[in-house]
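Colleague: First the structure, which I've put down as structure tokens, then a few questions once you've had a look.
The values are calculated or read from the model by the stated rules, or taken from the named source; none is laboratory data. It should be emphasised that the depicted structure is a prediction, and the values quoted were computed from it without experimental measurement. Reconstructed Cβ throughout: ideal geometry from the backbone, glycine too, with neighbour counts over all protein chains shown.
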Amino acid sequence: MEEDDPVDKLSAEYIDLRNQRERLKQDFSSKDKVFEDRMTEIENSLVDTLTKTGLSSMSTANATIIKRVVSNYNPSNWEAIYQMVDRHKAFGLFFKRLNNANMKQFLSDHPDEYPAGLNVDSRYTVTVKRKSSTE
């Protein structure tokens, strides 16, 4: 392609911007990790203090500290979860979003099963790949 090819210039600029963003993200992540680690140490110390004093909350001149239980549920038997949800019609236990790739494949395999109320936002996108050094 010619040197003044606008597509070539745009793709080169795109790759440069993507590289700069990645460097910024890495730089931020490494700097932020120091703060994140220290905040975790402080949180653990505050939990220990509240537990030792038998309190669930404490007020200081600077803040109010509240101890709470956070639970994360990670099923190892999805079939049992699906059966329980179906049995109790407890679909609110799931996040309300679809796996786009799986939905696209399902609709391709079952075109007569297009559900009412399914909105589709389709648009063209581009993927910009850096040329390999062997090309």
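Colleague: Of a type in the set (A, V, I, L, M) and under 27 Å from Lys129 (Cβ atoms): does that describe Val47? Break it down into steps so the answer makes sense when it comes.
Modeller: Details: of a type in the set (A, V, I, L, M): yes; under 27 Å from Lys129 (Cβ atoms): no.
It is false that Val47 is of a type in the set (A, V, I, L, M) and under 27 Å from Lys129 (Cβ atoms).
Colleague: Here is a further query. When you check Val85 against the structure, is it in contact with a helix residue (DSSP H, G or I) (Cβ under 8 Å, 6 or more places away or on another chain), surrounded by 10 or more Cβ atoms within 10 Å (Cβ to Cβ), among the hydrophobic types (A, V, I, L, M, F, W, C) and under 30 Å from Arg18 (Cβ atoms), yes or no?
Modeller: On the way: in contact with a helix residue (DSSP H, G or I) (Cβ under 8 Å, 6 or more places away or on another chain): yes; surrounded by 10 or more Cβ atoms within 10 Å (Cβ to Cβ): yes; among the hydrophobic types (A, V, I, L, M, F, W, C): yes; under 30 Å from Arg18 (Cβ atoms): no.
When the stated conditions are applied, Val85 does not pass them.
Colleague: Residue by residue through segment 65-108, note down the ones that are among the basic types (Lys, Arg) and either assigned to a helix (DSSP H, G or I) or touching a residue at least 24 places away in the same chain (Cβ under 8 Å) (or both).
Modeller: Scanning segment 65-108 gives Arg87, Lys104.
Colleague: Looking at Ile81 and the list (1) under 25 Å from Leu46 (Cα atoms); (2) at pLDDT 95 or above, which single condition is not satisfied?
Modeller: All conditions pass for Ile81, except number (1).
Colleague: So which residues in segment 1-22 are part of a helix (DSSP H, G or I) and surrounded by fewer than 10 Cβ atoms within 10 Å (Cβ to Cβ), if there are any at all?
Modeller: Taking segment 1-22 first, the residues part of a helix (DSSP H, G or I) are 6-22.
Selection gives Pro6, Val7.
Colleague: Does segment 109-135 hold any residues that are charged (D, E, K, R) and assigned to a loop (DSSP other than H, G, I, E, B), and which are they? Before the answer, list the steps.
Modeller: Step one: list which residues in segment 109-135 are charged (D, E, K, R), which gives 109, 112-113, 121, 123, 129-131, 135.
Once the filter is applied, which keeps residues that are charged (D, E, K, R) and assigned to a loop (DSSP other than H, G, I, E, B), segment 109-135 yields Asp121, Arg123, Lys129, Arg130, Lys131, Glu135.
Colleague: Moving on to the next point. Are there any pairs with C-beta distances below 7 angstrom linking a residue in segment 14-43 that is touching a residue at least 60 places away in the same chain (Cβ under 8 Å) to a residue that is among the basic types (Lys, Arg), with the two at least 6 apart or on different chains, and if so which?
Modeller: From residues that are touching a residue at least 60 places away in the same chain (Cβ under 8 Å), the pairs are Ile15/Arg130.
Colleague: Next up: Look through segment 64-82, keep the residues that are within 30 Å of Leu50 (Cβ to Cβ) and of a type in the set (Ser, Thr, Tyr), and return whichever of them is surrounded by the most Cβ atoms within 10 Å (Cβ to Cβ). I'd like the intermediate steps shown before the answer.
Modeller: Pass one, segment 64-82, residues within 30 Å of Leu50 (Cβ to Cβ): 64-74.
Subset that is of a type in the set (Ser, Thr, Tyr): 64, 71, 73.
Working: Thr64: 8, Ser71: 4, Tyr73: 6.
Filtering first and then ranking leaves Thr64.
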